[in-house]
Amino acid sequence: MAVTEHSEEKYMRRALALACRALGRTSPNPVVGALVIKGEEVVGEGYHLKAGTPHAEVHALQQAGARARGATLYVTLEPCCHYGRTPPCTEAIIAAGISRVVVATLDPNPRVAGRGVNRLREAGIEVKVGVLEMEARRANEFFFKYITTGVPFVAVKAAMTLDGKIATRSGDSRWITGEDSRRFVHTLRNIYDAILVGIGTVLKDDPLLNTRLDIPDQRDPVRIILDGRLDIPLDSRIVATASQQRTVVMTSTAADPGQAARLQDRGVEVVWIDSSPDTIPPQEVLKMLGKQELASLLVEGGGQVNASFLQSGLVDKVYWFIAPKICGGKEAPSPVGGEGVARMAEAIRLKSYTIDRFQEDVLITGYL
């Protein structure tokens, strides 16, 4: 039976579903899924589990065994053709006798970038590229941003009332959104490499910034605190749990070295940035995180931190919750501070946004 566009998309969707099982687990490498199809039967499948372990293609080929000869391989990202922590997947594909490879999208990594596909074609294997390409790129949006720029993919998460408040005039913010919305936020923390807040959020809320999903393989993000004067209390919950969850405080060179030493004694990493204690430049923060191979960052800050990232043009994506509540009050804070724009034509606009419901809350997710 001839392969149709519909069946190709069906198999690639299965491969993408496999890939997404490892979201947050392969960083700074991509998530990848693969299927080996003989006739119309899936004879092998696999996905990349963790950086440094065998790639998706290898798992799928091993499961297929001898049935891989003459079969078609569906893979969500171009197979690698270089030696890294693992051997090149192109050679495993050739050795297995695969006759046709369907690739969702090319790999933007300069070490691959079309070379993998070319190697397969040189070996006489038919290659097709571009099946569900947009879906595959979205599945690896963290990797695509990081590998091409050296800095993490940045998302801002905010929750506000119908009248645009993130707390009441007294500072009370528990809870703006419902339980389902808050659980979704924990699914985000489970896949993002790092989470960032400013010292104001720490002083006001004393948060833990961990993942609470009650699932066996949940993962806590690295906690990043912007604190130009090292005002973070030694008895805060973040400092108290620094030995259990990696915690980085980014501060200015004007901060007290003695306080830095006390934090380090409790397991907190202190990173010095040459800046005013009032403003830690977000560009410098991202450079530091990129050097540490943190490929994605979830910003859950207050109005000033959100404004600094948005106004610097550094945000890739937003998750914006709106709850059907009205607080009122000119002193009640909003999710984006700073000076703001002078004209509506200058407002930041979202692209490719979606709208979802979580009980009575609305979530707008979009790209900048």
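The values are calculated or read from the model by the stated rules, or taken from the named source; none is laboratory data. This structure is a prediction, so every number in the text was calculated from the model and none was measured. Note that each Cβ is placed from the backbone with ideal geometry, even for glycine, and that neighbours are counted across all protein chains shown. Side chains included, ligands, DNA and RNA excluded: accessible areas come from the protein's heavy atoms. Shrake-Rupley method; radii C 1.70, N 1.55, O 1.52, S 1.80 Å.
Per-structure values
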{"read-out": "In Hz, Karplus ³J(HN,Hα) per residue of the range 249-254 (6.51, -1.76, 1.60; θ = phi - 60°; x = Gly, Pro)", "value": "9, 9, 9, 8, 5, 8"}
{"read-out": "Mean shadow area of the chain, taken as a quarter of the surface of its Cα convex hull (nm²)", "value": "20.7 nm²"}
{"read-out": "For the range 188-331, the fraction of alpha-carbon pairs in successive 10 Å shells from zero, as %", "value": "11, 41, 35, 12, 1"}
{"read-out": "Antiparallel bridge percentage (DSSP; both residues within the chain; nearest 5)", "value": "40 percent"}
{"read-out": "Under 17 Å from residue 325, Cα to Cα: lysines that are on another chain or at least 8 residues apart", "value": "165"}
{"read-out": "Positive dipole terminus of the chain, leading residue within 288, 340, 190 (C-beta point charges)", "value": "190"}
{"read-out": "Length gained when the stretch residue 10-residue 341 is fully extended (0.36 nm per residue, less Cα-Cα span)", "value": "114.6 nm"}
{"read-out": "Cleavage-rule hits, chymotrypsin sites (Phe, Trp or Tyr not before Pro), the range 34-139, DSSP coil, Cβ neighbours within 10 Å at most 15", "value": "83"}
{"read-out": "For the range 238-368, with +1 on Lys and Arg beta carbons and -1 on Asp and Glu, the positive-most of 315, 249, 367 along the dipole", "value": "367"}
{"read-out": "The range 55-125, dipole about Cα centre (Lys/Arg Cβ +1, Asp/Glu Cβ -1), debye to the nearest 20", "value": "100 debye"}
{"read-out": "Per residue value of the accessible surface for the range 1-160 (all protein chains in place, 1.4 Å probe), Å²", "value": "43 Å²"}
{"read-out": "Residue with peak Gaussian network fluctuation, the chain [Cα springs, cutoff 10 Å], from 301, 329, 337", "value": "329"}
{"read-out": "Per residue, in Å², the accessible surface of the range 219-302 once ligands and nucleic acids are set aside, probe 1.4 Å", "value": "42 Å²"}
{"read-out": "Share, in percent, of DSSP beta bridges within the range 1-123 that are antiparallel, nearest 5", "value": "70 percent"}
{"read-out": "Those lysines that a straight Cα-Cα span of less than 22 Å connects to residue 291, excepting residues fewer than 8 apart in one chain", "value": "50, 145, 317"}
{"read-out": "Largest-first principal axis extents of the Cα set of the range 1-151 (Å)", "value": "46, 29, 23"}
{"read-out": "Extended-chain gain in nm, criterion 0.36 nm per residue less alpha-carbon gap, residue 364 and residue 264", "value": "32.1 nm"}
{"read-out": "Surface share of carbon and sulfur [accessible, 1.4 angstrom probe, percent] for the chain", "value": "50 percent"}
{"read-out": "Computed over the range 160-235, the ratio Rg/Rh where both radii use C-alpha atoms and Rh is Kirkwood", "value": "0.99"}
